[in-house]
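Student: Have a look at this one before I ask anything.
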Amino acid sequence: MAISRREFLKRTGLAVGGLCLSAGPRWALPQGVTPRPGSAKRVTILGAGLAGLAAGWELTQAGHDVTILEAQLHPGGRVHTIREGLSDDLYAEAGAGRIPSTHSITREWVKHFGLELEPFYPKELAQVALLKGKRVKVPADERVDMSLVPLDLTPEERRVGLSNLYEHYCGETMRRIGEGIREDWPPDIARLADITMADFLRQLGASQDAIRYMLLGFEEDAALDYMRDSLSHHSASLSKIKGGNDQLPRAFAAKLSDVIRYGCVVEHIERCEARVRIACRRAGMLDHLEADAVICTIPYTVLRHIAVTPDWSPSKRSVIDNVYYGPVVRATFQVRRRYWEDEGFNGFGTSDKNFEVWHPTFGKPGKRGLLQEYVYENYAHQLDKLSETERVDRMTNDMEEVHPGLRSNLEAVVIKSWDNDPWQRGAFLFYQVGEQKWYPEICRREGRVWFAGEHASPWPGWMQGAIMSGIKAAQEINAEPQQTGSLERSSGMLEPLPALQDARPFRIL
């Protein structure tokens, strides 16, 4: 029997070590900062995404001397809202899109800055599922007419219904896993890190068509990682920030503007026992600074190309070089009117070509609207290999199949590829088979360098993970006694550091 989303939520809380991972640890919420135990430390933070900004907030509030280096000219990292290229003040999310009702860390920070949340999905009209070339209406009550579904399903799957397949096969296991990564899962749960999600479903008797419909391209993801992440998607409600999700990092950045240096590309990290020296390129000049501690929020897909002296430990170097970030391509289509509503559709949907369809302008005033095609994994890799013209044409054809009439109403197309972004090289970390054991090493500090970001958190791929990891690193640094040794900071045109001459600095123009 199907359960309601509200009932589903009631079953999801798993307390671990006194912390409810569904809600998030209370120390990561906005609150009074723990006073520093000694004199102020100089801390350099690499990256002004949510992790770096949250760390910067925590440390400046505690009275430390903080500098945040950001390669781009804006904050936010992968929390990126598209406005340029769109009309009538329309906007859409190119990066982080959804905030689950269970992610209290994110929601409390949104509230702290006086921002508003609004529903991500509408409650009216129907979604559409494109299955083997056929458009199937998914009503708001999710009761799909199974006689119209062109999939080769088992009799039991047809009885359960399209909208309840995932709950039927995965619900109980998903709730036992919980939303956050743990290091003490029971053996029968921990073993799911070593099989693919597709194999997990096959062992339960799922048909191939059901597997394809449920997983949308994530068949090779580790079963443990996929179901842990899915629990956030299945929370009682999903929200977004009114006016754009980038308002959250911009709110942090507005309070930290004096300590953020934009356009600073990190080229070299030099480590010693008591301090860290950072070389960065800004406006064509080589600059460097020294710090008592560094918080590195750079994605490992980028960090692996940045010179470091001495090199990371073998175990850290291994995870930096081998951890997997999923590719994502997201196309935003601006149309002169929301024509899909003529057929009773709300704009959202899925396609068995392995993409989701979003409608970010639902409930907004005016006739002009936006549709988004959210592509991941193998299909995203295929799109990344195409020219810009070919990519636009392919994705426009995709959306035309889901919502016929797109071409005749189309005004603009904006496409974002996270794999092709030189400052990210991927959309989010997820664990493939056998990789969950890397989690402790991903998060572990190396001497005076701490690591933060969605990848170094119990919630990879979510804003909550980024915020929590940044605050955790900041609190650890704040709690440490002051290191000995004087520090010097310089700026302006400098000669290359000796360590840089034979290094391989990361620089993409």
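The values are calculated or read from the model by the stated rules, or taken from the named source; none is laboratory data. Not measured: the values here are computed from a predicted model. Here Cβ is always computed from backbone atoms with ideal geometry, including for glycine, and neighbour counts include all displayed protein chains. Please note that ligands, DNA and RNA were not included when accessible areas were found on the heavy atoms of the full protein model with its side chains. Shrake-Rupley method; radii C 1.70, N 1.55, O 1.52, S 1.80 Å.
Student: If you count the DSSP beta bridges with both ends in the chain, what percent of them are antiparallel, to the nearest 5? Kindly include the intermediate steps, with their values, before the conclusion.
Tutor: Working: 57 of 80 bridges.
Given both bridge residues lie in the chain, the antiparallel proportion sits at roughly 70 percent.
Student: Separate question: Using amide H atoms built 1.01 Å from N in the peptide plane, name the residues 5+ places from Val144, or on other chains, whose amide H lies under 5 Å from its own.
Tutor: Excluding prolines and chain starts, which carry no amide H, the hits are Leu162, Ser163.
Student: Right, another one. Enumerate the calculated ³J(HN,Hα) couplings along the stretch 433-443 in order (Karplus 6.51 cos²θ - 1.76 cosθ + 1.60, θ = phi - 60°), each rounded to whole Hz, writing x wherever the residue is Gly or Pro.
Tutor: 3J(HN,Hα) across the stretch 433-443, in whole Hz: 4, x, 9, 4, 5, 6, 3, x, 6, 4, 7.
Student: Stretched out fully, how many nm does the piece from Glu142 to Ala40 gain, at 0.36 nm a residue minus the Cα gap? Let's see the in-between values first.
Tutor: Details: separation 102, 0.36 × 102 = 36.72 nm, distance 5.61 nm.
Length gained, Glu142 through Ala40: 31.1 nm.
Student: Per residue of the stretch 68-79, what does 6.51 cos²θ - 1.76 cosθ + 1.60 with θ = phi - 60° give for ³J(HN,Hα)? Whole Hz please, x for Gly and Pro, Karplus curve as stated.
Tutor: 10, 9, 10, 5, 8, 9, 8, x, x, x, 8, 8
Student: Roughly how far apart, in whole Å, are the Cα centres of the stretch 110-182 and the stretch 326-378?
Tutor: Going from one Cα centre to the other spans 16 Å.
Student: Going through the stretch 211-303, which GluC sites (Glu not before Pro) have at most 13 other Cβ atoms within 10 Å and a DSSP loop state? Display every interim value, and only then the final one.
Tutor: Numbers: sites: Glu219, Glu220, Glu267, Glu270, Glu273, Glu290; in loops: Glu219, Glu220, Glu273.
In loop regions of the stretch 211-303 (DSSP not H, G, I, E or B), the sparsely surrounded GluC sites (Glu not before Pro) are Glu273.
Student: Based on the Cα gyration tensor of the stretch 164-205, what are the three equivalent ellipsoid semi-axes, each the root of five times an eigenvalue, rounded to whole Å and given largest first? Provide the component values of the computation, followed by the final result.
Tutor: Values: eigenvalues 67, 35, 12 Å².
Largest first, the stretch 164-205 gives 18, 13, 8 Å.
Student: Once you put a point 7 Å from the Cα of Glu390 and another 7 Å from the Cα of Glu124, both along the Cβ direction, what distance in nm separates them?
Tutor: 4.3
Student: Another question about this same structure. Thr361's amide H: which non-local residues (gap 5+, or another chain) put their own amide H closer than 5 Å, with H modeled 1.01 Å from N in plane and none for Pro or chain starts?
Tutor: Amide H neighbours of Thr361, under 5 Å, 5+ apart: Leu370.
Student: Report Lys255's accessible area, 1.4 Å probe, all protein chains in place, as a number in Å² to the nearest 10.
Tutor: Surface accessible to solvent at Lys255 totals approximately 140 Å².
Student: Given all pairs of different Cα atoms, what value in angstroms does the Kirkwood hydrodynamic radius of the stretch 162-279 take? Provide the component values of the computation, followed by the final result.
Tutor: Details: mean 1/r = 0.0551 Å⁻¹.
Result for the stretch 162-279 stands at 18.1 Å.
Student: Related question: Ignoring everything but the protein chains, give the 1.4 Å probe accessible area of Lys472 in square angstrom, nearest 10.
Tutor: 90
Student: Please identify which residues in the stretch 33-72 have an amide N closer than 18 Å to a label point set 7 Å out from the Cα of Arg317, following the Cα→Cβ vector.
Tutor: Label zone hits: none.
Student: Would you pull out the residues with amide H under 5 Å of Leu117's amide H, same chain only if 5 or more places away, H placed 1.01 Å from N?
Tutor: Lys242
Student: Hey, can you find the accessible area per residue of the chain for me, probe 1.4 Å, expressed in square angstrom? List each step's numbers first, then the result.
Tutor: Details: 20990 Å² over 509 residues.
Using a 1.4 Å probe on heavy atoms only, each residue of the chain averages 41 Å².
Student: Plugging the Kirkwood radius over Cα pairs into Stokes-Einstein for the stretch 309-455, at a temperature of 20 °C and a viscosity of 1.002 mPa s, what D comes out in µm²/s?
Tutor: It comes out at roughly 122 µm²/s.
Student: Rounded to whole Å and sorted largest first, list the principal axis extents of the Cα atoms in the chain.
Tutor: Result for the chain: principal-axis Cα extents of 75, 52, 43 Å.
Student: Heavy atoms only, probe 1.4 Å: what % of the accessible area of the chain goes to carbon and sulfur, would you let me know? Could you put the intermediate results ahead of the total?
Tutor: On the way: 10260 of 20990 Å².
Exposed carbon and sulfur together represent 49 percent of the surface.
Student: For the chain, calculate the relative contact order in percent as a whole number, restricting contacts to Cα pairs under 8 Å that are 6 or more residues apart.
Tutor: Working: 1034 pairs, mean separation 116.8, N = 509.
So the answer I get is 23 percent.
Student: Between the stretch 208-278 and the stretch 74-103, what's the alpha-carbon centroid distance in Å?
Tutor: 13
Student: Something else about it: Summing -39500 (n - 2.57) over the DSSP H runs of n ≥ 4 in the chain and dividing by its residue number, what mean residue ellipticity at 222 nm do you reach, to the nearest 500 deg cm²/dmol?
Tutor: On the way: 18 runs with 151 residues, N = 509.
Rounded to the nearest 500, the figure is -8000 deg cm²/dmol.
Student: A further question follows. Could you derive backbone 3J(HN,Hα) for the stretch 80-92 from the dihedral phi with the Karplus parameters 6.51, -1.76 and 1.60 (θ = phi - 60°), listing whole Hz in sequence and x where the residue is Gly or Pro?
Tutor: Karplus values, whole Hz, x for Gly and Pro: 10, 9, 7, 10, 5, x, 10, 9, 6, 6, 6, 8, 8.
Student: Any idea what Rg and Dmax come out to for the stretch 292-373 if you just take the C-alpha atoms, in Å?
Tutor: When restricted to the Cα atoms of the stretch 292-373, Rg and Dmax are 21.4, 63 Å.
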